[in-house]
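I have placed the structure first, in the form of structure tokens, so that the comments after it can refer back to it.
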Amino acid sequence: MEKLKVIERLKKECTLGIIRVNHAEGLVRIAQALQDGGLDCVEITMTTPGALRAIEEASEKITGVLMGAGTVLDGTTARQAILAGAKFLVTPTVELDVIEMAHRYGVVVIPGAMTPTEILTAWEAGADMVKVFPASVLGPSYLKAVRGPLPQIPLVPTGGITGDNAGEFIRAGAAMVCAGGWLVDKKAVDEGRYEVLTERARKLVEAVQKARTEMSR
């Protein structure tokens with residue numbers, strides 16, 4: 001998939017699910033459960049055992065899912081993720097070698113940043129969007145304030161996003177929201193209750209769609 005099409009799809013879907021668990025079992029099943037709830041864009045963090053293989057398997061087995069790699073901390077890991085089939089890379093901080101590797105392979109990159117200086121640094125280094133982390137600490141008002149002087153940068157709040165507050169971040173100007181811990185409930189995963197993930201994905205997608213509809217009126 002061409003880079004511009006990936007960016008288009010991410011912005012259109014406006015929701016991204018983060019899979020961060022402590023074991024490799026069930027990773028593809030988790031991704032499927034999220035898609036069943038209407039969430040088609042998913043990242044598997046590189047801190048998860050078997051992440052690369054899961055990205056490869058999910059890309060092959062789940063029709064229509066857009067798979068990415070998260071918590072990418074260096075260029076070597078970035079390259080491995082790209083070769084495994086990741087269509088986008090996400091970092092927790094401004095990692096210039098990851099941005100460079102993404103550009104080399106024509107892959108979307110979303111570096112993490114917190115301050116306006118970090119956000120602008122990531123953008124000027126070639127970020128396609130910038131992850132604002134930790135969103136739960138900063139809040140929607142912070143996102144709105146940053147967009148004042150930096151309206152050209154698509155911001156992606158991450159950290160503490162739930163179905164209850166996702167709409168607030170969209171109304172504050174977020175290009176997309178990322179949900180992880182609330183969305184992929186580890187207890188539910190351990191108990192094999194994947195329907196919990198599906199329901200939370202549905203709630204997240206509905207909250208975002210509602211906020212976008214309200215803004216377009």
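The values are calculated or read from the model by the stated rules, or taken from the named source; none is laboratory data. None of these values were measured; they are calculated from a predicted model. Here the Cβ is made from the backbone with ideal geometry for all residues, glycine too, and neighbour counts use every protein chain on show.
Yes or no, residue by residue, for (1) within 22 Å of residue 21 (Cβ to Cβ); (2) of a type in the set (Val, Ile, Thr); (3) surrounded by fewer than 17 Cβ atoms within 10 Å (Cβ to Cβ):
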site	(1), (2), (3)
183	yes, no, no
186	yes, no, yes
192	yes, no, yes
198	yes, yes, no
201	yes, no, no
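Within region 58-100, the set of residues being out of contact with any helix residue (DSSP H, G or I) (no Cβ under 6 Å at 6 or more places or on another chain), under 18 Å from residue 47 (Cα atoms) and of a type in the set (Gly, Ala, Ser) comprises 68, 70, 81. Taking (1) more than 14 Å from the chain's Cα centre (by Cα); (2) modelled with pLDDT of 95 or more; (3) not hydroxyl-bearing (Ser, Thr, Tyr) in turn, residue 217 satisfies each apart from (2). Looking at region 111-120, is at least one residue in contact with a strand residue (DSSP E or B) (Cβ under 8 Å, 6 or more places away or on another chain), buried (at least 17 other Cβ atoms within 10 Å of the Cβ) and under 22 Å from residue 21 (Cβ atoms)? Yes, some residue in region 111-120 is in contact with a strand residue (DSSP E or B) (Cβ under 8 Å, 6 or more places away or on another chain), buried (at least 17 other Cβ atoms within 10 Å of the Cβ) and under 22 Å from residue 21 (Cβ atoms).
The set of residues in region 179-217 that are outside any helix (DSSP H, G or I), closer than 19 Å to residue 10 by Cβ and out of contact with any Lys or Arg (no Cβ under 6 Å at 6 or more places or on another chain) comprises 179, 184. Flag not set for residue 126, criterion: among the small types (Gly, Ala, Ser), modelled with pLDDT of 95 or more and farther than 28 Å from residue 106 by Cα.
Checked against the criterion of being part of a helix (DSSP H, G or I), at pLDDT below 95 and of a type in the set (Gly, Ala, Ser), the candidates 58, 102, 81 yield just one match: 58. Of the residues 71, 91, 48, the single one that is in contact with a His (Cβ under 9 Å, 6 or more places away or on another chain) and either modelled with pLDDT of 95 or more or among the β-branched types (Val, Ile, Thr) (or both) is 48.
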